[in-house]
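**Student:** Quick one: structure below, then a few questions.
The values are calculated or read from the model by the stated rules, or taken from the named source; none is laboratory data. Note that the structure is predicted; figures quoted are calculated from it, not measured. Don't worry about glycine lacking a Cβ; one is built from the backbone with ideal geometry, like all the others, and counts go over all protein chains shown. Surface accessibility is based on the protein's heavy atoms, side chains included, excluding ligands, DNA and RNA. Shrake-Rupley method; radii C 1.70, N 1.55, O 1.52, S 1.80 Å.
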Amino acid sequence: CDRITMGTEILNFLDPDLSCYVDSLLRDGDIGLLGGNVRVVEPKCGRITQNPRHSCDRFKITIPYGGNELTWQVIFDSLHPTHPPDFIFDAHDKMFAPDLEELKCLASWDHEDSKSLVYVVQELIAKYRQYQEHLLSSNMRLQFEYVTLVETSNFTEIEVHHTQKVPYTRDTTVNFLIKLPIDFSDIPAYLIKDNPGNDIAILLVSFQGIDGNKILPQLYLSPRVERALGGTSSLRIPNYPNRGRLTDYVTHVQELLQNLVEQVVKGYQKRKEFIAALISHYGSSVIEYDSEGFSKASFLFELQEFYFILHIHIPSFFPREQPEFVFQSVYHTTSSGQPYQTSVCNYPYSPRWSGNEMAERARVFMEQYVQDFKRLSVTNGRFS
């Protein structure tokens, strides 16, 4: 939204006959592997005018590509607004010179179609990808890594980018930006409903130096996926192994992430089963429960004329991780005036139990522990 808002402000500086192309680029441009992140900056006028506002006919676009940003200048002619634009590419891409005859969208420019600029930029990115892949021929090791990865047929969306033109130097970094084919369709809708955008996982592997011996991997997830998988703390990927192969490493990361997705999906189903069993056993005592994510439930119990509340917090990676039981007194408070409560995580538990058995075992433990909790409440709490 911020990107579009900033772009909309730039539209105010553009010639009215040209602004439609930029507007479509900002709103509908699906450019590159990440897509939709093109920015438009530095509007300028190509001719002398008394009113530079509303008359700019050239600007720069920045496109995320291969873990970096491309900056291309787009040059229209406001005196001939029906003509296609020219492009000036980054200084270090002087060898990038696509054949104009092969750029069909540019050769057959349709000035009446507001998405014409989108189509041309998409076509140029495709040519730029081929250009970057060709540069790999100067490094046998990286060319082998790339060809081997492509030949697996599992990883078909890859962007390669050299930070410096060949020949390779100590400062050269070659990025492999790889879209991981992960199935996110079974992730519960409640986990991702508040975050717009496509569900995507991208692995960036950077080969640094003349021989590419220093290798740094990074994993990027769309906000929806990151939230669903429990945040960045749950998403540590292994270091790139010495003398490892790119194909093996990418496949390993893909499998780790897919397993994590499956754990989240199974955990959701298991939490739902556990909550249903608790309500089935203790429905008359339920105060509230999470009917969407099934992550918690609260019950009011009475045992031996002692009333207390039991809060059950169920972790995201349940049943691998066991629930937390929080006993809360209805009579006693802490020195700060908060209800006195005790958290218990050390109790008999097995992730192999069914939801029904877990609920029954929770009852057995609760009946055994309540006397200890009553004594703690009297000793450490204040009677309210």
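**Student:** Could you run through region 138-159 and say how many residues are assigned to a helix (DSSP H, G or I), hydroxyl-bearing (Ser, Thr, Tyr) and out of contact with any helix residue (DSSP H, G or I) (no Cβ under 6 Å at 6 or more places or on another chain)?
**Tutor:** Total satisfying the criteria: 1.
**Student:** Within region 282-301, which residues are touching a Phe, Trp or Tyr at 6+ places or on another chain (Cβ under 8 Å) and not basic (Lys, Arg)?
**Tutor:** Tyr282, Ser285, Val286, Ile287, Glu292, Gly293, Phe294, Ala297, Ser298, Phe299, Leu300, Phe301, listed by residue number.
**Student:** Please count how many residues of region 310-338 are in contact (Cβ under 8 Å) with a residue 24 or more places away in the chain, among the small types (Gly, Ala, Ser) and either closer than 18 Å to Ser350 by Cα or in a loop (DSSP other than H, G, I, E, B) (or both).
**Tutor:** 2
**Student:** Mind listing just one residue for me: the one in region 1-36 that is at pLDDT below 80 and of a type in the set (Ser, Thr, Tyr) and, of those, nearest to the chain's Cα centre (by Cα)?
**Tutor:** Restricting to residues being at pLDDT below 80 and of a type in the set (Ser, Thr, Tyr), the top hit is Thr5.
**Student:** List the number of the failed condition for Ile61; all other conditions in (1) within 19 Å of Asp23 (Cβ to Cβ); (2) surrounded by fewer than 20 Cβ atoms within 10 Å (Cβ to Cβ); (3) in contact (Cβ under 8 Å) with a residue 60 or more places away in the chain hold.
**Tutor:** Of everything listed in (1) within 19 Å of Asp23 (Cβ to Cβ); (2) surrounded by fewer than 20 Cβ atoms within 10 Å (Cβ to Cβ); (3) in contact (Cβ under 8 Å) with a residue 60 or more places away in the chain, Ile61 misses just condition (2).
**Student:** Consider only pairs whose beta carbons are under 6 Å apart and that are at least six residues apart or on different chains; among these, list those whose first residue lies in region 241-267 and is among the hydroxyl-bearing types (Ser, Thr, Tyr) and whose second residue is open to solvent by less than 40 Å² (accessible area, probe 1.4 Å) and not in a helix (DSSP H, G or I).
**Tutor:** From region 241-267, the pairs are Tyr249/Tyr240.
**Student:** Go through (1) touching a helix residue (DSSP H, G or I) at 6+ places or on another chain (Cβ under 8 Å); (2) modelled with pLDDT of 90 or more; (3) surrounded by 15 or more Cβ atoms within 10 Å (Cβ to Cβ) for Leu135 and report which single condition fails.
**Tutor:** Answer for Leu135: the failing condition is (1).
**Student:** Residues in region 69-82: is at least one under 27 Å from Val150 (Cα atoms), open to solvent by less than 30 Å² (accessible area, probe 1.4 Å) and in contact with a helix residue (DSSP H, G or I) (Cβ under 8 Å, 6 or more places away or on another chain)?
**Tutor:** Checked against the condition, which is being under 27 Å from Val150 (Cα atoms), open to solvent by less than 30 Å² (accessible area, probe 1.4 Å) and in contact with a helix residue (DSSP H, G or I) (Cβ under 8 Å, 6 or more places away or on another chain), region 69-82 yields at least one hit.
**Student:** Looking only at region 232-259, which residues are surrounded by fewer than 17 Cβ atoms within 10 Å (Cβ to Cβ), among the hydrophobic types (A, V, I, L, M, F, W, C) and part of a helix (DSSP H, G or I)?
**Tutor:** Leu256 - this is the single residue of region 232-259 that is surrounded by fewer than 17 Cβ atoms within 10 Å (Cβ to Cβ), among the hydrophobic types (A, V, I, L, M, F, W, C) and part of a helix (DSSP H, G or I).
**Student:** I'm trying to understand the selection: among the residues of region 110-125, which are under 13 Å from Gly32 (Cβ atoms), open to solvent by less than 40 Å² (accessible area, probe 1.4 Å) and of a type outside the set (Val, Ile, Thr)?
**Tutor:** Passing the criteria: Glu123, Leu124.
**Student:** If Val225 meets every condition in (1) buried (at least 17 other Cβ atoms within 10 Å of the Cβ); (2) over 26 Å from Ser153 (Cα atoms); (3) modelled with pLDDT under 90; (4) among the β-branched types (Val, Ile, Thr) apart from one, which number is that one?
**Tutor:** Single failed check for Val225: (2).
**Student:** Continuing with this model, one more query. Please find, among Phe274, Phe294, Phe317, the residue that is at pLDDT below 90 and within 25 Å of Ala228 (Cβ to Cβ). Working first, answer last.
**Tutor:** Numbers: Phe274 fails: at pLDDT below 90; Phe294 fails: at pLDDT below 90.
When all the criteria are applied, what remains is Phe317.
**Student:** While we're here: For Arg361, work out the one condition from (1) in a strand (DSSP E or B); (2) surrounded by 13 or more Cβ atoms within 10 Å (Cβ to Cβ) it doesn't fulfil.
**Tutor:** (1)
**Student:** Can you list residue pairs whose Cβ atoms sit under 7 Å apart, with the first residue in region 287-309 being touching a residue at least 60 places away in the same chain (Cβ under 8 Å) and more than 12 Å from Met366 (Cα to Cα) and the second being among the hydrophobic types (A, V, I, L, M, F, W, C) and surrounded by 17 or more Cβ atoms within 10 Å (Cβ to Cβ)? Count only pairs 6 or more apart in sequence or on different chains.
**Tutor:** Within 7 Å, the pairs are Phe306/Val370.
**Student:** Looking for something at pLDDT below 90, in contact with a strand residue (DSSP E or B) (Cβ under 9 Å, 6 or more places away or on another chain), open to solvent by less than 20 Å² (accessible area, probe 1.4 Å) and closer than 18 Å to Ser222 by Cα - is there at least one such residue anywhere in region 168-178?
**Tutor:** Within region 168-178, none of the residues are at pLDDT below 90, in contact with a strand residue (DSSP E or B) (Cβ under 9 Å, 6 or more places away or on another chain), open to solvent by less than 20 Å² (accessible area, probe 1.4 Å) and closer than 18 Å to Ser222 by Cα.
**Student:** Additional query: Considering only region 364-375, I want to know if a residue exists there that is open to solvent by less than 60 Å² (accessible area, probe 1.4 Å), within 26 Å of Lys266 (Cα to Cα) and touching a residue at least 60 places away in the same chain (Cβ under 8 Å).
**Tutor:** no
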